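Here is the structure we will look at.
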Amino acid sequence: MKKLLLILCCSFAVSTAFAQIPSFGIRGGVNFAKLSASSGNITASTNSTTTFAAGLFADFKFGNVSLQPALNYTGKGGEGEDGEGGLVKIKTYYVQVPVNVVYHIPAVFGHVYLGAGPYVGIGVSGKAKSVGGGSSVSEDITFGDGENDLKRTDFGLDGIAGLEFNNGFILGVNYDLGLSNITNTSSISTKNRVFGISVGYKF
């Protein structure tokens, strides 16, 4: 194990030595989030709820390919009927770290980019709001191991694509495909699905 770790560290050090000086950027935008629930062969999704995302990223470039880690504050959740004619809206917020491998396609205006990689998110806050009968009730969502809690950790795959202009301005889209069950209920697996649109700037 020690030899393997040493090889990985040396490989990273050599790769970094041949990379350009990393650039950094900021990105923010709107999220359209859903929850996907499955039990056996039955799968259902909520309607989407609108949240937001904002974050910082670094770009380690190796020719037309770059390694792009980021630190984001991102909203997730979903909304749907409660079975009694009311509407339940769930919004959760995570500190999330994606690490994407990005391919850059040169263009006259700058370049087109496509990328994908894993992400890990840590739940920090959330609210569930029930609306119906002319009234609404709101309560905080808690993260933990309890039956009524959500799991604090969410992980999955992240995909990004967009346009980066020569002046550093960025237009992008992203999709988070949650792979982990975010509830403490084993009979029903609930996962995050998030589509986002963002603008940003690379320095």
Exercise for review: Quick one: among 159, 121, 132, which has the greatest mean-square fluctuation in a GNM of the chain with alpha-carbon springs under 10 angstrom?
Suggested key: 132
**Study point:** Longest segment of the chain lacking GluC sites (Glu not before Pro) that sit in a DSSP loop with at most 10 other Cβ atoms within 10 Å
**Key:** 1-83
**Study point:** Computed FRET value (nearest 0.05) for residue 153 with residue 111, which takes r as the C-beta separation and R₀ as 41 Å
**Key:** 0.75
**Study point:** With Cα atoms, 0 to 90° folded angle of helix 2-18 axis to the chain main axis
**Key:** 60
**Study point:** Charge-dipole axis of segment 2-202 as Lys and Arg at +1 and Asp and Glu at -1 on Cβ define it, positive-most pick from 95, 121, 67
**Key:** 67
Review point. Computed from these coordinates, which is percent of Cα pairs over 31 Å apart: [x] 17; [y] 30; [z] 36?
Key: [y]
Check your understanding: What is the spin-label model distance, in nm, from residue 167 to residue 44 if the labels are put 7 Å beyond Cα along the C-beta direction?
Key -> 4.9
Study note, to complete from the structure: Taking placed amide H atoms and a strict 5 Å upper bound, the residues 5 or more places from residue 155 or on another chain that come that close are 121, 179, 180
Check your understanding: Straight-line reach from residue 191: which lysines have a Cα under 29 Å away, not including same-chain ones fewer than 8 places off?
Key -> 34, 76, 89, 91, 127, 129, 151
Revision key, fill the gap. GNM of the chain, Cα pairs under 10 angstrom: of 126, 168, 178, the biggest fluctuation goes to 168
Check your understanding: Residue by residue through segment 37-45, which ³J(HN,Hα) values in whole Hz follow from phi under the Karplus form 6.51 cos²θ - 1.76 cosθ + 1.60 (θ = phi - 60°), with glycine and proline marked x?
Key -> 10, 9, 9, x, 9, 9, 10, 9, 10
Practice item. Multiply the residue gap between residue 185 and residue 131 by 0.36 nm, knock off their C-alpha separation, and tell me the result in nm, one decimal place. Key: 17.0 nm
Check your understanding: At residue 56 and residue 26, where each label point lies 7 Å from the Cα along Cα→Cβ, what is the point-to-point distance in nanometres?
Key -> 1.1
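Values in this text are rule-based calculations from the coordinates and carry no lab data. Fair warning: this is a prediction, and the values are worked out from it, not measured in the lab. All Cβ positions, even for glycine, are placed from backbone atoms using ideal geometry, and neighbour counts span all protein chains on display.
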